[in-house]
Structure formats: structure tokens, C-alpha cells
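Let me begin by presenting the structure, written as C-alpha cells, before commenting on it.
The values are calculated or read from the model by the stated rules, or taken from the named source; none is laboratory data. Keep in mind the model is a prediction, meaning the values are calculated, not measured. FYI the Cβ positions are ideal-geometry reconstructions off the backbone, even for glycines, and counts take in every protein chain you see. To get the accessible areas, we keep the full protein, side chains included, count just its heavy atoms, and leave off ligands, DNA and RNA. Shrake-Rupley method; radii C 1.70, N 1.55, O 1.52, S 1.80 Å.
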Amino acid sequence: MLALRQCGLGWLALSAAWPVFAAEPAVWGEGMMVKVRPDNTAPGSSTEVRLTAARNEFVSFQVVLHGGDRGLRGVRARLPALEGPATLTGPDVTLYRQAYITTKQGSEPGQPVGRWPDGLVPDTDEIAREQRNAFPFDVPAREARAVWVDVHVPQDAPPGDYTGTVTVEAEGGFQRQVTARLTVVEAVMPGTSSLASAFSLSPAQVCLAHLGRADCSHEELQPFLVRYQQMALEHRITQPRLYLRGSGPKAWSDFDATWGPSLDGTAPTRLSGARMTSLEYTGPLTAGGLSAFTGHMRERGWLDRAFALIGDEPPIWISYEQVQAAGTLVRQAAPGLRTMLTSNASQLKPTGLVPLVDIMVPMVNHLEGTDPGFVGNQTATYVEFLSRPGTELWMYQSCAIHGCAPSVSVPQNQPGAGWPSYMVDRPSTKARAMEWLSFLFGCKGELYYETAGMLPTAWTDQYHFDGNGDGTLFYPGTPAIIGGRTDVPVASLRLKLIRQGMQDYEWLKAVSDAGDPAFAHQVARELIPNAWQVPDDGAAFDGARLRLIQRYGELTLGNPSAPRMGGAPVSMPLEPQVPGGPGEPGGQGNAGGCGAAPGVSVAGVLLWAAWALGRTRRARGRQPTHGVSDR
């Protein structure tokens, strides 16, 4: 017994003498669909990310750091270029430091509160091309931080494989690398989104956020609004309001000089040919103002994108009598100017106002909902409206999808599912879903009531209409906050996800146009079974996109007659009820076989899909799952 006790004491002494090894800092590559929260992200190990893109498309990924037990100080990251058949560098490669906003109450009951990644501080900004203060930054011990990387593939970049290395360095000689492998396929994405949009921006909020007051003159505001429009176009959306409501240009020559490039597709954007897809009349609702606006739009060839908003959600915010008066005035004073109304067919038809509306914009939860009167897919109720030439169906999401009033919850927002959402503290998939649903419903555009609703406090507080980030998609990039000399807009992570949704729409449309609309609809429905069942799994979105890219290659390879992405518009069919015929999913389509564009490996694309699915699911194991109408 004594010997045993002595042996035990010996082992105790030996174990006490062993060193305790501290967890070392870690750096790894991650896809764009994981929100890296500081407090609950476990260290990863992947040293490679794989990307696939068309020419003139953006792709994004993240480089994530964990401080381990000692943290990191003075972190810097760089990606000089991606090398392949050409060199992708300069403005086409942008690194950002992810900034965090602290939520105090969740957008949904039970939603975790605390720090969420959203603001993206650029290393070199996209607008003024000035060095900003993205780097250096510190990573505290036992916390995570992330660098966001955007890569734009120039329109003239040859297809093929590209490789670049992100080098991360910190004080004390710390250095790690993450390799980015990009496959560029034989397709050119249009610079102007095929899905029109009207994402409003409040000039007054821009004035307050950047100049500290609410009484800016037109001359003071104009440079800021131009920069915000450029940022919007680079994210494939349009800000349709160019002036304070109730005002317009003092002279058409000034308007043309300022906004002509954005309307004609000659503005200095990285997306070749990007142009505005909508333009709202904001002048006084008078016959003279409407007539002058319409005449000039017609003269410059912009009338097909212009519209007058004749009401918002009647009878809640405006009476049906007021809608009738506004619509009648536009019809009489401005023939050819389209009218827009946020409403739905079921509510509007009994009023007799349908003939006064050209663009009807229901909420997403009224196009495929759960409330009485809107259960299931409601597109059939718009057939009569859409039979009139010149009419369009758009869609919007609002606070109705998370609950506009305190303590109000929407029961469909369950873990793993829920409505599309532009809230900071919702899964990334929710901000990418609207454009998939727009394709399924045959919508021609998307409306969002505001993108700068809480711009002056965006860095610290965006809680609005019972949601974090409702109506705010930008941050004010003032020199005091992000460095540099020039005020610029700063994109949110959510804006990047909306851009990705817009690009997903292009792939859905391209497959449909090329001859297999049934396959495109099948992929979209398998991803999103109902509008209130948007999955939390980011890998599912990435995998669905890659299926579309592969199918597009099959349809167009060796078939010069197949419509190409970005070609002449093809009528967008509603969701087919019974797939079949030549375009049946998995059938031969127009091309047959399985292949990809010359110089592009389908095997590489499929390997990327497998990698993405595995990476994101492992990441989910490290983290918890969880229109104008907003007033």
C-alpha cells in the first residue's frame, strides 16, 4: 500500500511539472454565408477556399481569425492578385475589416443578442480609392474576427482557373496564408440586373449622417447622392429617388450631367455597363411637374424605367380616394409614365382602381403566405392584371416578416426556416432569398422602402420597426470613422448578400432562357419550399447556384443558337405546375450531355460544391442556428 501511495504521489508530481500548452491563434478560410460572431466561433483549419464565377460577376469569401489564448495584435491582411489566364488585381480585389454592431434585443424572440458582423470597412474604398483604416486591428484572446474579400471578375477576363494567396500577419512574426482558387466559366453576367429594383435612399438622412444637419442644399447633397448611387449600382440595385420628396431638378441640363451616366450605363462602376433600373418622380404632384418630367424622360430614352408612386398600402397609409386622384392625374397629365402602388390583387380589385396601376407591389407574405386570404401561391390572382400590356408584378419585404410592433413575433420564423429578412441578426440566407422568390413568382422587380433609415446612428444602433437593421443597408463612411479624406458610403454585409441574390437571379434566368425553365424552377423550389421556409443552411444556396451554373454550361456548350446570359430578354414564365417536355429537369434540354465551357473543369465546379457543403455544415456545428410598408 505504501508503495502504491508513493507511486501515486510520483505521478502527481510529474503531472504538475508538465507544461500547460496554450491554444495558439488560428486563421482559416470560410465561405460568405457564415456570420462570424466574436464570442461563439470555434477555430477552424481550412487553408483554401474555392470560388466559381462568370465574367462581370462578384464572388466573396472570408478569412477568419481566432485569438487563441493569447490573442493577436496589429493584424494586417493582403491579397495582391489572383493569377491565371489574366491577372485580377487593383480595384477588382477588395479587402474589408468586418465591424460589429451590438444588438440589445433580438429581431426575433429568442434571437441571440450581442455583437453581430455587418459594417465592412474597406482597406481601399471603392469610390474615392483612398486608403482607409481597415488594418491593423487586434483579435482579443478567445475571440474571433473576420476579413471579408470581394473579387470582381472583369468582363474581358478569360475563362479558366485563377489562384491568389491571402497573407495574414500580426506582431511577433505571426504569419498565416489562405489560398483562394477561382474558376471563371464561359459566361458574361450583365452589368445591369435583369431584375429591376427600387431601394430608396433618404437624402435627409444622408445629409444628417455626413454633414451633421438636416438642411443641406441641393449642391451640398448632390456629391453624396452620386457616391451612394455608384455603391448601389456596384451591388446591382438602384436608388430611384434623386431628390428630396416634393422637389426635382432646377434645370434639366444639371440633371443630365449628374445622373445621365448612371441612367445610361457610363458611370465609373466596376460592373461594366451598370445602369439604373428605376427612377421615381419625386416632384410636386401637379400636372405641370408630371408633364415636364415625362417629356424629358421620353426625350432621353429613360421613360421605360420611370414611375410615379401613387400610394402606399391603402387604406392604411392613404385612402383609396387619394390613390384614385393621384392615378387619374398621372394618366391625364403624363401619358406613358408608369404608376406604382404597394398593394395586392385581392384587396385592390374590389375598389376598381386596378386600371390606374401599372406596377403592383405586394408584400412577399401576400404572394405566398399563411394568413387567411393569402395561403399558398397567389400568383394566379395577378393573371388578369398582368394581361394588360405594360403591367408588371414586383414584390417587397417589410417589418411584417418579423413583427412591426414590440413583443410581436411571426410564428413562421422558426430555427432552420422563416421569411426572407434584411435584419442584421438573422442568418445570411434570409438576405439572399428574395431574388429566388422573385424568379419563382415571375416578378420583374423588387422594392425596398429605405436603405438609410438610421444612417446617422448606423455604427451603434439600427433598431427600427422592431428589427435590427430595418431600413438601413449602408453605413456613413466619414473620415472620422473609417479614415481617409473623402466621405463615402460603406456597404453592409447584408448588401453583399442581396447582391449575391441578384446574381443568383441571373443564373436562374440564364438557365430558363437557355431552354430549361423547369430545371431552374425545380432548383429554386427545392431550395425554398415556401416563402416562409427559407433554410438557414448557406451551403444549400451555394450548392443550388452551382447546379444552375453546371446546367447552363450543358445547355450552351456546342449550341450557338442557345440564348446566352445577358442576351435579349426572354419572357419569364410563372412557376410550372407539371414539369415535362424538352426542358424537363435532368433531360437533354437543347444541348445534351454533361460539360462546361472550353477551358473550364466541371469536375472542379463539383469539387467546389462538395467542399462548400462540407465547410458550411461544419461551421454550422460551431455556431448556433437560429416595400414601402415599414412605417
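Mind giving me the FRET efficiency for residue 564 and residue 526? R0 is 22 Å, r the Cβ-Cβ distance, nearest 0.05 is fine.
Working: r = 25 Å, r/R0 = 1.15.
The computed FRET efficiency comes out at 0.30.
Quote the accessible area belonging to residue 316 in square angstrom, nearest 10, computed with a 1.4 Å probe and with ligands, DNA and RNA left uncounted.
The accessible area comes out at roughly 120 Å².
Give the residue list of trypsin sites (Lys or Arg not before Pro) in the stretch 479-509 that are DSSP loop and have at most 10 other beta-carbon atoms within 10 angstrom. Please list the in-between numbers first.
Values: sites: 485, 494, 496, 499, 509; in loops: 485.
Here the trypsin sites (Lys or Arg not before Pro) that fit, given the DSSP loop and packing criteria, are 485.
Going through the stretch 126-162, which trypsin sites (Lys or Arg not before Pro) have at most 11 other Cβ atoms within 10 Å and a DSSP loop state?
Filter output for the stretch 126-162: empty list.
Report the full-extension gain for the segment residue 460 to residue 321: residue separation times 0.36 nm, less the Cα-Cα distance, to one decimal in nm.
Numbers: separation 139, 0.36 × 139 = 50.04 nm, distance 4.14 nm.
Stretched fully, the residue 460-residue 321 segment lengthens by 45.9 nm.
Please list, in order along the stretch 53-67, the HN-Hα scalar couplings obtained from phi with the Karplus expression 6.51 cos²θ - 1.76 cosθ + 1.60 (θ = phi - 60°), rounded to whole Hz, x for Gly and Pro.
Once θ is set to phi - 60°, the couplings for the stretch 53-67 become 7, 7, 5, 6, 10, 9, 10, 9, 8, 10, 10, 10, 10, 10, x Hz.
What number results when the radius of gyration of the stretch 301-397, computed over Cα atoms, is divided by 2.2 N^0.38 Å? All intermediate terms of the calculation are to be shown ahead of the outcome.
Numbers: Rg = 13.2 Å, N = 97, 2.2 N^0.38 = 12.5 Å.
Rg over 2.2 N^0.38 Å, computed on Cα atoms: 1.05.
Test of the criteria: in the stretch 168-271, which GluC sites (Glu not before Pro) are in a DSSP loop and have at most 13 other Cβ atoms within 10 angstrom of their Cβ? Walk me through the intermediate numbers first.
Working: sites: 169, 171, 186, 219, 220, 234; in loops: 171.
Here the GluC sites (Glu not before Pro) that fit, given the DSSP loop and packing criteria, are 171.
Let me have the relative contact order for the stretch 132-281, percent, based on Cα pairs under 8 Å that are six or more residues apart.
Numbers: 179 pairs, mean separation 34.0, N = 150.
The value is 23 percent.
Using only the Cα atoms of the stretch 366-449, build the gyration tensor, take square roots of its eigenvalues as a ≥ b ≥ c, and label the shape rounded, prolate or oblate: rounded if a/c is under 1.5, else prolate if a/b is larger than b/c, else oblate.
prolate
Show which lysines lie in cross-link reach of residue 496 when reach means a straight Cα distance below 27 angstrom and same-chain residues fewer than eight apart are skipped.
Within the straight-line cut-off, residue 496 pairs with 35, 104, 430, 444, 509.
Pop out the carbon and sulfur fraction of the accessible area of the stretch 396-547 as a percent, whole number, probe 1.4 Å. Write down the numbers at each step before the final one.
Values: 1780 of 3210 Å².
Exposed carbon and sulfur together represent 55 percent of the surface.
Taking the Cα centre as origin and putting +1 on Lys and Arg beta-carbons and -1 on Asp and Glu beta-carbons, what dipole magnitude results for the stretch 259-394, to the nearest 20 debye? Walk me through the intermediate numbers first.
On the way: 9 positive and 12 negative charges, 87 e Å.
The calculation lands at about 420 debye.
What residues qualify as long-range amide H neighbours of residue 99, i.e. H under 5 Å apart, gap of 5 or more or another chain, H built at 1.01 Å from N?
118, 119, 120, 121
On a full-extension model of 0.36 nm per residue, what is the gain between residue 220 and residue 40, subtracting their alpha-carbon distance, rounded to one decimal in nm?
Working: separation 180, 0.36 × 180 = 64.80 nm, distance 4.39 nm.
Gain on stretching residue 220 to residue 40: 60.4 nm.
How many nm separate the modelled label positions at residue 76 and residue 298, each set 7 Å beyond the Cα in the direction of the Cβ?
Once both label points are built, they end up 6.0 nm from each other.
In nm, to one decimal, how far is the residue 204 label point from the residue 179 one, both placed 7 Å along Cα→Cβ?
With each label point 7 Å from Cα toward Cβ, the separation is 5.5 nm.
For the stretch 159-255, rounded, prolate or oblate, judged on the Cα gyration tensor with a ≥ b ≥ c (square roots of eigenvalues), a/c < 1.5 rounded, else prolate if a/b > b/c? Mind dumping the intermediate values first?
On the way: a/c = 3.92, a/b = 1.70, b/c = 2.31.
It is oblate, given that a/c is not under 1.5 and a/b is not larger than b/c.
Label-point separation (nm) for residue 83 and residue 351, each offset 7 Å from Cα along Cα-to-Cβ?
Going by the 7 Å Cα→Cβ label model, 6.3 nm.
Suppose R0 equals 35 Å; then what is the FRET efficiency for residue 213 and residue 133 from their Cβ-Cβ distance, rounded to the nearest 0.05? List each step's numbers first, then the result.
Details: r = 25 Å, r/R0 = 0.72.
For R0 = 35 Å, the calculated efficiency reads 0.85.
In whole Hz and in residue order, list the ³J(HN,Hα) couplings for the stretch 507-515 that follow from phi through the Karplus curve 6.51 cos²θ - 1.76 cosθ + 1.60, θ = phi - 60°; x for Gly and Pro.
Per-residue couplings from phi come out as 6, 4, 5, 5, 5, 5, 5, 6, x Hz.
Using the alpha-carbon centroid of each, what span in Å lies between the stretch 258-274 and the stretch 410-434?
One Cα centre to the other: 32 Å.
When the Karplus curve 6.51 cos²θ - 1.76 cosθ + 1.60 is applied with θ = phi - 60°, which whole-Hz ³J(HN,Hα) does each residue of the stretch 114-126 get, with x for Gly and Pro?
So the J values, rounded to whole Hz, are x, 8, 10, x, 7, x, 10, 7, x, 5, 10, 6, 7.
For the chain, give me the percentage of DSSP beta bridges that are antiparallel, rounded to the nearest 5 percent.
Numbers: 57 of 85 bridges.
Counting DSSP beta bridges with both partners in the chain, the antiparallel share is about 65 percent.
Residue separation times 0.36 nm, minus the C-alpha to C-alpha distance between residue 244 and residue 171: what's the value? Provide the component values of the computation, followed by the final result.
Values: separation 73, 0.36 × 73 = 26.28 nm, distance 4.89 nm.
Here the segment from residue 244 to residue 171 would lengthen by 21.4 nm.
Could you tell me the distance between the Cα centroids of the stretch 48-96 and the stretch 528-551, to the nearest Å?
24
Ignoring any ligand, DNA or RNA, what whole percent of the accessible area of the stretch 240-324 comes from carbon and sulfur when the probe is 1.4 angstrom?
Working: 2050 of 3700 Å².
It is 55 percent, rounded to a whole number.
Over the stretch 244-338, with the other protein chains present, what is the accessible area per residue in square angstrom, probe 1.4 angstrom?
Details: 4200 Å² over 95 residues.
I get 44 Å² per residue for this part.
Treating only the Cβ of Lys, Arg, Asp and Glu as charged (+1, +1, -1, -1), what charge dipole size does the stretch 204-328 show about its Cα centre? Round to the nearest 20 debye.
On the way: 11 positive and 13 negative charges, 60 e Å.
Dipole about the Cα centre, nearest 20: 280 debye.
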